[in-house]
Amino acid sequence: MTLRKILPRVLLAAVWGVAITLSGCSGGPEYTAHDITGVMPDLEFNLTNEQGEAVTAEDYDGRLKLLFFGYTNCPDICPATMARIRAALGGLDAETRKDIDVLFLSVDPQRDTPERLQRFTSSFGDGVVGLTGNQDQLKALTKRYRVTYGYGEPNDNGFYLVSHSSAIFVYGPDNRSRLLINQQESVDEITADLKTLLAQLD
């Protein structure tokens, strides 16, 4: 197993441990994902969307949001995770899906221009939004959510890999943190968790 795959798991271990401890004694709804309500900060950012416009978390108020950190040149985790999200959302009815945004946040702004982000997100259906920012914005955001990212050494062609979190963060319409979904969750489990969460929010 490569460092690129190990690192995100190590970085999130402490977060998951806290989430499991708190959710296990909360008496609330049961999820396969980790219930991070009250454990992680609310959604807050200043970024640029795939149209090149400045946006904040408030632009997505009133909608359920799934946030995933990645980059368009990612050879495996990013496309596989985005495909899982698309399949999981496919288990919801059409009206429900209209009120959900998938926020794909690139931590590779040097290569991921708005145009490139738009080409990538368009492969995963409606409701997927590409976001990125400058290094100051990205570092502030990843610090807020206790994750990190880093760049590998470029090869002879200038190509490099980027280490990043592999978790999916779920935020409610009020931008409060709700769930942390890891790579072990199946499509059906993600769908079931989203249904349970949506029922709690009604």
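Within the stretch 21-35, the set of residues being out of contact with any strand residue (DSSP E or B) (no Cβ under 9 Å at 6 or more places or on another chain) and modelled with pLDDT of 70 or more comprises just one member, E30. The requirement of being at pLDDT below 95 and over 14 Å from the mean Cα position of the chain (by Cα) is satisfied by V10.
Scanning the stretch 78-100 for residues that are touching a Lys or Arg at 6+ places or on another chain (Cβ under 9 Å) and under 11 Å from G125 (Cα atoms) yields a count of 2. C78 falls short on exactly one of the conditions (1) under 23 Å from P41 (Cβ atoms); (2) under 15 Å from the mean Cα position of the chain (by Cα), and that condition is (1). Annotation: of all residues in the stretch 42-100 being small (G, A, S) and assigned to a helix (DSSP H, G or I), the one that is surrounded by the most Cβ atoms within 10 Å (Cβ to Cβ) is A88.
The values are calculated or read from the model by the stated rules, or taken from the named source; none is laboratory data. This one's a predicted model, so the numbers in the text were calculated from it and none came from an experiment. Cβ: placed from backbone, ideal geometry, glycine included. Neighbour counts: every protein chain shown.
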